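Single-structure report; data block below.
Please treat every number below as a calculation from the coordinates, not as lab data. Bear in mind the structure is a predicted one, so any value in this text is a computation, not a measurement. Note: ideal-geometry Cβ built from the backbone for every residue, glycine included; neighbour counts use all protein chains shown.
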Amino acid sequence: MSSPFRLGITGGIACGKSVVAGYLQQQYGVPIVDADILARQGVAVGTPIYQAIVDRYGEGICHNDGTLDRSRLGEIIFAQPQERQWLEAQIHPWVIAEMEQAIDTCEQPLLALVIPLLFEVHLEGLVDHIWVVAATPEQQLARLQQRDRLAGHAAAQRLASQLPLEEKIRRADTVLWNTGSREELYRQVDQAFSLLARNGKGS
């Protein structure tokens with residue numbers, strides 16, 4: 001079985017990567033592998049990574065039902081870079097292995113991999129073409145505060161933890177600007193997907 005063409009979708013935090021991926025899946029039937037979803041699976045109750053987190057931070061890092069308190073964990077890791085590095089060292093190898101397995105078992109000609117930290121973790125070699133979803137810093141902050149119910153300083157911490165968006169844009173093969181309406185973003189996805197198809201990628 002030949003390997004699928006691997007489209008990497010990345011970009012700034014709260015820029016709309018999941019929206020782009022969801023549209024690709026719905027409109028064109030492209031299979032999606034989302035690193036964030038894999039990461040959540042990797043820290044589910046009872047997994048080795050979950051146990052390592054509880055061992056490090058104590059039972060107080062969990063809700064009453066035993067699931068991780070992701071808000072509390074976020075407060076710790078975004079305030080203490082060394083703790084974020086520790087957590088990423090637990091999660092990233094597992095997520096990468098799952099993505100590699102998805103690539104190996106994919107029977108479609110095109111597979112989209114949503115990888116928020118694609119450049120930060122140096123996974124450029126995992127994909128064949130990179131879409132970067134972008135927005136203005138003001139839009140990122142507002143969307144992040146609304147989505148995750150964060151105070152301004154907490155949202156700014158999360159933005160600062162990633163590679164600057166300008167650098168991601170510089171490294172992109174295609175940039176999708178999510179600065180207007182949803183329909184405008186979808187039109188850009190249509191154009192970018194059409195260009196891939198015309199070049200014989202994923203068809």
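Points worth noting:
- Only one residue of Leu126, Gln26, Ser194 has its Cα farthest out toward the positive end of the dipole of the chain, where Lys and Arg carry +1 and Asp and Glu -1 on Cβ, and that residue is Ser194.
- For the options Leu113, Leu176, Leu150, a Gaussian network treatment of the chain with springs between C-alpha atoms closer than 10 Å singles out Leu150 as fluctuating the most.
- The alpha-carbon atoms of the stretch 1-116, seen along their principal axes, cover 45, 30, 28 angstrom, with the largest extent given first.
- Residues Tyr57, Tyr28, sorted so that the one with the fewest Cβ neighbours within 10 Å comes first: Tyr28, Tyr57
- Spin-label model distance (nm) - Thr47 vs Asp173, 7 Å beyond Cα toward Cβ: 2.8 nm
- Our note on the geometry: Cα centres of the stretch 38-56 and the stretch 132-201, 29 Å apart.
- Distant-in-sequence amide H partners of Leu176 (H built 1.01 Å from N, under 5 Å): Val132, Val133, Ala134
- A DSSP coil position with no more than 16 other Cβ atoms inside 10 Å describes none of the chymotrypsin sites (Phe, Trp or Tyr not before Pro) in the stretch 68-109.
- Shape call, the stretch 106-174: gyration tensor on alpha carbons, a/c limit 1.5: prolate
- Linear extension gain, Thr136 paired with Arg84, 0.36 nm per residue minus alpha-carbon span: 16.2 nm
- Within the chain, longest stretch free of exposed GluC sites (Glu not before Pro) [DSSP loop, at most 16 other beta carbons within 10 Å]: 1-106
- Label selected from (i) 17.4; (ii) 16.7; (iii) 18.0, the criterion being Kirkwood radius over Cα pairs in Å as computed here: (iii)
- Total charge dipole magnitude, the chain, about the Cα centre, Cβ charges on Lys, Arg, Asp, Glu only, Debye to nearest 20: 440 debye
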